[in-house]
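The values are calculated or read from the model by the stated rules, or taken from the named source; none is laboratory data. These figures come from a predicted structure and were not determined experimentally. A quick note on method: Cβ atoms are made from the backbone with ideal geometry, for glycine too, and the neighbour counts reach across all protein chains shown.
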Amino acid sequence: MLVMSGLASLLGLTQLLYVGTYWAPEYAFPLYRIPIGIEDFLLCAFFYGGIGSVLYKVVSHQTYIYRSATRTRSGVSVRILPLATGLATLLILTVSTHANIIYTTTCGMLATALTLVILRPIYAKAVFANGMLFGILAVAILAIVNSVFPGFIEHTWNMAALSGVTIFAVPIEEFYFHFAAGACFAVAYECLFNRRPIASA
């Protein structure tokens, strides 16, 4: 969790793509002359890196001890090809369409997860389950926040740019995005650091 949190915290910079197009959050700790805040880095570290990388393992009561796997060409492909496919998908959709950033990045992450499953079918269950759990968790959290602070979502999200479909007042795009993110992070540690489980309980 700590390793993935540290890596995912860097994704806070990607909020530069979302602020003003997908949503317009108000920051308690804004960064000087940059339309993002410290909260973005903390959110990415805690939620995406920390929770997103272990959610399915925790819910399914799986405990792993990791050991370095044998380095093979297929192992290198699993680390590089899914990410390259996702970035290529994102770039192509961004250049060829006028779709909102939430749709292009969701498709990019889904392409990453799908490529990973094709290369390593053994990860299919973890990828799908982690995506579902992460999507449900994100919607639940936002629904609770919006119920405590009525109007929070309408005030913060650019609803005119979205489909208008909601789940408990939460844009359906949040479920799609977090499903894709959860699918990507499900076995990210294993793939990035060439690890495999040698014991479970």
(request) Count, please, the residues in the range 146-168 that happen to be part of a helix (DSSP H, G or I) and either more than 20 Å from the chain's Cα centre (by Cα) or in contact (Cβ under 8 Å) with a residue 60 or more places away in the chain (or both). (result) 10
(message) Can you say whether Leu114 is at pLDDT 85 or above and over 15 Å from Thr14 (Cα atoms), as far as the supplied structure shows?
(response) yes
(message) Return the residues of the range 52-85 that are at pLDDT 65 or above, surrounded by 12 or more Cβ atoms within 10 Å (Cβ to Cβ) and not in a helix (DSSP H, G or I); say none if nothing qualifies.
(response) Gly52, Ser53, Val54, Ser60, Gln62
(request) Return yes when Gly6 is part of a helix (DSSP H, G or I), within 17 Å of the chain's Cα centre (by Cα) and over 21 Å from Glu174 (Cβ atoms) and no when it is not. (result) yes
(request) Six or more apart or on different chains, Cβ under 6 Å: which pairs go from a residue in the range 10-27 that's among the polar types (S, T, N, Q) to one that's in a loop (DSSP other than H, G, I, E, B)? Could you list them? (result) Gln15/Ile36
(request) Quick one: which residue in Ala188, Ala143, Ala180 is under 21 Å from Ser60 (Cα atoms) and at pLDDT 95 or above? (result) Ala180
(message) Looking at (1) touching a residue at least 60 places away in the same chain (Cβ under 8 Å); (2) part of a helix (DSSP H, G or I), which one does Leu43 not meet, given that it meets all the others?
(response) (1)
(request) Would you check if Ala99 is closer than 16 Å to Tyr18 by Cα, over 20 Å from the mean Cα position of the chain (by Cα) and modelled with pLDDT under 95? (result) no
(message) Can you go through Thr94, Thr106, Thr156 and tell me which one is under 28 Å from Pro25 (Cα atoms) and at pLDDT 95 or above?
(response) Thr106
